[in-house]
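Trainee: Mind having a look at this structure? Questions to follow.
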Amino acid sequence: MTTSFLNIPFLFLQEVGIKELLLIALVILLLFGGKKIPELMRGLGSGIREFKDAKDEPTKKSPAADKE
């Protein structure tokens, strides 16, 4: 069974199609407005970047750890 991006199975839903994705996008647009969405995406991107950096940090030596 192949699963495409537009038919993602969830536990409580059989399949999410293009109509459902458009409805979700419309609700997000109505809740946050067009000007807030880029800010939210930037915040999400920086959060993911910080998570990746923190995940890789134990393998790297930080300058603060050398001073202690």
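Trainee: So is residue 62 of a type outside the set (A, V, I, L, M), modelled with pLDDT of 85 or more and at negative phi or not?
Mentor: When the stated conditions are applied, residue 62 does not pass them.
Trainee: For segment 25-46, how many residues are hydrophobic (A, V, I, L, M, F, W, C) and under 15 Å from the mean Cα position of the chain (by Cα)?
Mentor: Number of matching residues: 6.
Trainee: Pick out the one residue from 13, 6, 40 that is among the hydrophobic types (A, V, I, L, M, F, W, C) and at pLDDT 75 or above.
Mentor: Checking each option against the conditions leaves just 40.
The values are calculated or read from the model by the stated rules, or taken from the named source; none is laboratory data. Just so it is clear, the structure is predicted and the values come from calculations on it, not from any experiment.
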